[in-house]
Amino acid sequence: MSSGPPIGPNLQVGQLVYSKAGRDRGRPFLVWEIISDRRIALVDGKLRRVVKPKIKNTLHVQAASRMAQDIAAKRQKGEPVSDAEVRRAIARLLGEE
């Protein structure tokens, strides 16, 4: 298998995504960290908390156009983010759809 260009969607920290595969299919998550071209860490503040994010292949998520700018800014500055903040951000973003 060749290591060509990345195949997954163009994702950013703080972006809302939906799982397309696995037991968590259909669940909304926020992108917590970009690990590589094909691997990302996801959190939802409930089952996948900030201390133990879900590692997922980028091909197995559906990107939404919504961004949690406040979460992204705090992550960029290295400030702590709580699970409650993640839950509120997801609820806010889902309310906008």
0 to 90° range, to nearest 10: angle between helix 83-96 axis and the chain longest Cα axis: 80
Estimated [θ] at 222 nm from DSSP helical runs (n ≥ 4, -39500 (n - 2.57)) normalised by residues in the chain, nearest 500: -7500 deg cm²/dmol
Among Tyr18, Ile34, Ala91 the positive-end extreme of the charge dipole of the stretch 15-96 (Cβ point charges): Tyr18
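Do me a favour and compute the ellipsoid semi-axes for the stretch 29-97 from its Cα gyration tensor, root of five times each eigenvalue, largest one first, whole Å.
Working: eigenvalues 59, 44, 28 Å².
Each semi-axis is √(5λ); the values are 17, 15, 12 Å.
Read the figures in this text as sums done on the coordinates, not as results from a lab. Just so we're clear, the structure is a prediction, and the values are computed from it rather than from any experiment. Cβ atoms come from the backbone with ideal geometry, glycine included; neighbour counts cover every protein chain shown.
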